[in-house]
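First the structure, in the form of structure tokens, and then the observations on it.
Since every read-out is calculated from the coordinates, none of them should be taken as a lab result. Just so you know, these numbers come straight off a predicted model, no measurement behind them. Neighbour counts are summed over all protein chains in view; Cβ atoms, including those assigned to glycine, are modelled from backbone coordinates with ideal geometry.
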Amino acid sequence: MTQTPEPTPFTQAGDTRTSAKISRDTISAVSVAVLCVLLLLSARLVSPALGSWTQVETVLVLGFFLVVLSYGQGLVILSGGLDLSLPATITLGGILATSWVGANDPNAWYLLPVVLMICGLVGLMSGIGVVWLKVPPFIMTMAMSIIVASALLGYTNGTPRGAAPTAAVALMKTELLGLPTPVIVLVAFVAMGWLFQSRSIYGRYLYAIGTNLDAARIAGVPVTMMQILPYVISAMCAGFVGIALVGYSSGATLRMGDDYLLPSIAAVVIGGSSILGGRGTNLGTVGGAILLTTLGTIISALGMEFGLRTVIEGSIVLFALLLLREELFQKLRNLWR
Amino acid sequence: MALAQFEVQTVPAWKTLLIKSTRGAALIVGIYLILYAFYAYQQPRALSASSFASLMNNTAPLALAAAGQALVVISRGFDLSVAGVISICNVTLAVYPLEGPGGALMSALLCMAIGLTVGAVNGVLVAVLRLQSIAATLATMIICQGIALVILKAPGGSVANWIADEMTGRLAGVIPVSGLVVALVIGTWLLLRRSNFGLSLYAIGADEHSAALSGINTRRVRFLTFVIAGAIYGLAGFMLSAQTATGNPTAGTPLLMLSFAAVALGGTSLSGGKGGLFAAVMGAAVLMLLQKVLFSFGISSFYTGMFQGVALICAVVFSGLLTRLGEVK
């Protein structure tokens, strides 16, 4: 009789039933989507050239990089880690694609996947360091970032050479079925990502690990593998972004990835994920990435200077954080009932 | 019986020695001395006052950034705004140079005020509004970087000559001024460490809940931590400007990762409650000295990062092993 569980501690610890969870995630995903649309429509008031379908296409093409990148970052954050090695891995993908594969290499069809696998190797090393050497993710991925960046500096002697592979250019600059190819690839990518994160057993495992590692281990989740996997996926996503970036801008630079680290984390946070892991959806992250990109294109179309644009971006992250605070959701839920 | 059992379980002498000799900052100081010996062996000039001073000048900004970061990390937080504060201070000094000793003092105070302000914002966000420190400071850092870009669009401008000359010079031809500034911060910390604030800082880092239950005003301590750390970042920005003598809106960015690296090298656990400012400063010193040593061995500066990264991982793994060794007792 003494074993009878008390219901009160559960309600105090926050309602974790599916209905409550869905409402929280839906609120953030829907609010981000609504914000996006509102932004695009209100931009129309400022200038008729904005808010058109062409601009939506531009936003999607530009958002391609951030969406892919923040998907990987989102998985790592979901599992309770953080990936700071993204800039170096993007640069690794970009530089290998230009200097090593090059423009008209007939072997590109298997060399580009090899590039992705090399990037995945970087993630594998981060993951192994985190799980087996027990180095905190923050430190491990930061160290990998420093190491890879310096290796690239040495490999290129400071000046990257070579041109983008034809396949990468084709990926970014052609049209398919009347839409830009990157938009179609993006939709496919998001669909696959959603299936993996929200509908597969592995996605469930990641949620379990991010919520409580020990509980997940006891519940029979293969924790070692599932802790390493997000880093590998994240690094491969970054490598893919690197290849796509050189396809878009036709050349690699040693600092091409630097501007993407903070937005990748920001997109995940705006999308409603907890930075501590175990919570968040990839659709929210996609929304966050698109929102950041929309904002960026509108601000640059308005001719605002880069500094102000950065200030606004930061304020939006802050705003999202304040909005997504736990207490607020608790209050909203109480109002609902 | 219990006593006898305890005797059986005593740690072998070498283990106790190992733990004792690596406690606190001893390990990192030892590494520094060994590295310096290598450096002096390769380049006998390294022992002269002028080359020591230039090493100090290179180290001071990172050392200060790491010192502030260590404060926040001890309280179990992360502070990414360090890069933003340093950038704002740097561009401010480059756009509004104030000449003379009075101007330098004003500049230093201005930098610290900038740091205090940003720190106060961080403090409110983390301590009062209960945001995750890493996410909140990410936002403030992005905003700070934007402000730095608004103040100065592209690298340029020049810092007041007095600051650039005197703050990188030597007092009485021997003592580097930059070293004195760092020593001042460490001295303040040593006074502060045993105070109520210092003890509360460690208590919060180790276990916030218990700290709150034992009567510590966790909000106030957390807020103060960010504010003090911000002021130290301001000083770091001041010293960086003195060293580079020019303005760059992204001056602080490289220091972000390195400040964490220095803190971790100094043995401060990222999960809070452990470590110290002096160890973090020495960690920064080791990172900068490593560059010089590698250069003196003829290794291209391209590969410095590789060694820094590997050293960082090794240090964290090693200090983790030592901690576990200490717990086995």
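Among the trypsin sites (Lys or Arg not before Pro) in the stretch A:153-259, those located in a DSSP loop and surrounded by at most 16 other Cβ atoms within 10 Å of their own Cβ are A:R161, A:R255.
Along the axis of the charge dipole computed for the stretch A:49-323 (Cβ charges of +1 for Lys and Arg, -1 for Asp and Glu, origin at the Cα centre), the listed residues A:L254, A:L186, A:L302 are led at the positive end by A:L186. So how far, in whole Å, is the C-alpha centre of the stretch B:166-213 from the one of the stretch B:235-304? Result: 17 Å between the Cα centres.
Shape analysis of the stretch B:200-240 based on the Cα gyration tensor places the equivalent ellipsoid semi-axes at 27, 9, 5 Å, largest first. Mean partner shielding of peptide A:132-141, defined as the number of other chain Cβ atoms within 10 Å of each residue Cβ, is 5. Over chain B, Cα pairs under 8 Å with separation of 6+ residues give a relative contact order of 34 percent. Starting from the coordinates of the alpha-carbon atoms of the stretch A:172-216, obtain the Kirkwood hydrodynamic radius over all distinct pairs and give the value in Å to one decimal. Every distinct Cα pair counted, the radius reaches 12.4 Å. Using all pairs of distinct alpha-carbon atoms, the Kirkwood hydrodynamic radius of the protein assembly as shown works out to 26.3 angstrom.
Classify the stretch A:278-319 as rounded, prolate or oblate, taking a ≥ b ≥ c as the square roots of the eigenvalues of its Cα gyration tensor: rounded when a/c is under 1.5, otherwise prolate if a/b is larger than b/c and oblate if not. Oblate shape, in that a/c is at least 1.5 and b/c is the bigger or equal ratio. Note on the stretch B:101-171: the C-alpha convex hull projects to 6.4 nm² when averaged across all orientations. For chain B, lysine pairs with C-alpha atoms less than 23 angstrom apart, excluding pairs fewer than eight positions apart on the same chain, total 5. The three principal axes of the C-alpha atoms in the stretch A:192-274 carry coordinate ranges of 49, 23, 22 Å, sorted with the longest axis first. Charge tally for A:L152 (other residues, Cβ to Cβ under 15 Å; Lys, Arg +1; Asp, Glu -1): +1. With the Kirkwood sum run over all distinct C-alpha pairs, the stretch B:51-208 has a hydrodynamic radius of 17.1 Å. Here the contact order of the stretch A:49-323, divided by its residue count and restricted to Cα pairs under 8 Å and six or more residues apart, works out to 36 percent. Taking chain B as a whole, the Cys residues whose C-beta sits 4.7 Å or farther from every other Cys C-beta are B:C144, B:C314.
Let me have the relative contact order for the stretch B:122-252, percent, based on Cα pairs under 8 Å that are six or more residues apart.
Result for the stretch B:122-252 is 44 percent.
A Förster radius of 35 Å combined with the Cβ-Cβ distance from A:A103 to A:M192 puts the calculated FRET efficiency at roughly 0.75.
Placing a pseudo-label 7 Å from each Cα along the Cα-to-Cβ vector at B:L180 and A:K173 gives an inter-label distance of 6.0 nm. The radius of gyration of the Cα set in the stretch A:79-217, together with its Dmax, comes out at 17.9, 52 angstrom. Pairwise Cα distances in the stretch B:147-260 exceed 19 Å in 60 percent of cases.
Note on the stretch A:49-323: percent of Cα-Cα distances in each 5 Å bin, starting at 0 and stopping at the bin with the largest distance, equals 1, 6, 13, 17, 18, 17, 14, 9, 4, 1, 0, 0. Only alpha carbons enter this Debye calculation for chain B, each as an equal point scatterer, and the log10 of I(q)/I(0) it gives at q = 0.06, 0.10 Å⁻¹ is -0.22, -0.59. All Cα-Cα separations within the stretch B:221-309 were binned at 10 Å from zero, giving a P(r) of 14, 39, 36, 9, 1, each value a whole percent of the pairs.
Note on B:292-304: average number of Cβ atoms from other chains within 10 Å of each residue's Cβ is 2.
Start at zero, step by 5 Å, and the Cα-Cα distances of the stretch A:93-162 spread as 4, 16, 21, 20, 17, 12, 7, 3, 1 percent across the bins.
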